[in-house]
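In what follows, a structure is listed as structure tokens, so that the remarks can point back to it.
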Amino acid sequence: MTIPVALPALCWRELRDEFDAVTQELARDGIQFKSRTIPALFEHIVCDIGGVGHLNGRVIRVSPAGFFLKVLTKGRHIRHLVGKLVAIAREQKPKSYPWRDERIQAENISLNLTLQSGSQIPATLMNVSASGAALHVAEPLQVGELVMIGSSGARVVRIFDGGVGVVFLRRLNMPQIDTSLERSGALAYNKRNITLL
């Protein structure tokens, strides 16, 4: 059994050669990471997972898109980390398919998505709901990638021609949509439409 969970991580080798990764799945024997940097098979690395903590492990599987880390950290520390990961995974799991909520349609609203690296890419909001949004994006993103829309964290769950569908990491109440997104200086809404502030 595996549990999907998407969190940024900073990993390093014994010589402190640091690289970025993102958790994908928590399994009984370790954690699957997605990364552009692929460590060597059986290499020992340390990963500091955002909001959770650091752990030691050995790479036991690799692929062009990432690696699987067998966790070597033991005792109370690892039980505490696993508990945090499971709790966050439950928060990230959408309670319903994101497009079943009432959607507020947007008309040519431009904004910037903030990536995990801190860089921003231009996007155009198509619609938004309590659980997610659809956006046209200027650069390709990948399923599982984490982004910020205004002050709201979101995870990419689907890709379509020229755009993405995202699920918010924390579900919004409809009256909160404007206050959450307007912090970016971008948006307000009425019952049927989103407009620029």
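Quick rundown of the values:
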read-out	value
Check on S129, at pLDDT below 85, within 20 Å of the chain's Cα centre (by Cα) and crowded, with 16+ Cβ neighbours inside 10 Å	yes
Residues within region 22-64 that are at positive phi and among the hydrophobic types (A, V, I, L, M, F, W, C), tallied	1
Selection within region 1-38 - touching a residue at least 40 places away in the same chain (Cβ under 8 Å) and among the β-branched types (V, I, T)	I3, V5, V22, T23, I31
Check on G118, under 27 Å from L10 (Cβ atoms) and at pLDDT 80 or above	yes
Residues satisfying the stated conditions in region 134-183, i.e. buried (at least 17 other Cβ atoms within 10 Å of the Cβ), among the small types (G, A, S), closer than 14 Å to N112 by Cβ and modelled with pLDDT under 85	G150, S152
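The values are calculated or read from the model by the stated rules, or taken from the named source; none is laboratory data. Quick caveat, the model's predicted, so the values are computed rather than measured. Every residue, glycine as well, gets a Cβ built from its backbone with ideal geometry; the counts of neighbours run over all protein chains shown.
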